[in-house]
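Read through the structure below, which is laid out as structure tokens, and then see the notes.
Since every read-out is calculated from the coordinates, none of them should be taken as a lab result. Just so we're clear, the structure is a prediction, and the values are computed from it rather than from any experiment. Methodologically, a virtual Cβ is constructed for each residue, glycine included, from the backbone with ideal geometry; neighbour enumeration extends over all protein chains shown.
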Amino acid sequence: MSAVPEKSPSESRVQLHQLMLPEHANPYGNVHGGIIMKMIDEAGAICAMRHARRPCVTVAIDSIKFLSPVHLGELLCCSAEVTYVGKTSMEVEVSVAAENPMTGAVTHTNSAYVVYVALSDDGSPHPVPPLRLDTEDQQRREQQAKERQRYRLERR
């Protein structure tokens with residue numbers, strides 16, 4: 001049996017952009033938090049599936065704090081990258097920004113850490129490739145992710 005090759009976070013990085021339309025917003029022109037959370041989960045899940053090359057399910061989303069609103073007519077931009085890999089689970093950091101497509105102004109609105117588990121054909125957890133950390137920043141982010149994982153496990 002051959003060893004599974006390591007994968008760099010850049011190999012599974014994902015960026016999703018969607019124009020926010022009237023059906024995404026409240027009467028005041030602010031995008032509903034649920035719309036933003038849905039896009040966070042979609043970007044994170046695609047990133048996890050690209051890393052694992054398996055179907056993945058969401059098992060945890062850390063608290064989400066909205067730092068600034070996303071408005072009607074702005075692009076909602078989600079960038080997702082794997083920060084930590086366990087045996088069958090992965091933590092994905094999703095950074096969210098609002099971009100004014102007319103001016104180019106970009107505002108960071110929030111970030112979230114989402115944990116996914118890869119699935120085998122029978123629906124049981126499936127091992128995922130190890131994470132290859134190429135930079136000091138990736139190593140720092142993995143250390144922070146390990147701390148978050150320890151905290152999640154303690155809260156069980």
Quiz item: Can you name the condition, by its number, that V57 falls short on among (1) on the phi < 0 side of the Ramachandran plot; (2) part of a loop (DSSP other than H, G, I, E, B); (3) surrounded by fewer than 22 Cβ atoms within 10 Å (Cβ to Cβ)?
Solution: (2)
Quiz prompt | Single unsatisfied condition, V82 versus (1) within 20 Å of L21 (Cβ to Cβ); (2) touching an Asp or Glu at 6+ places or on another chain (Cβ under 9 Å); (3) buried (at least 17 other Cβ atoms within 10 Å of the Cβ) | solution = (1)
Quiz prompt | Residues (in contact with a His (Cβ under 7 Å, 6 or more places away or on another chain) and surrounded by fewer than 18 Cβ atoms within 10 Å (Cβ to Cβ)) located in region 31-53 | solution = H32, I35
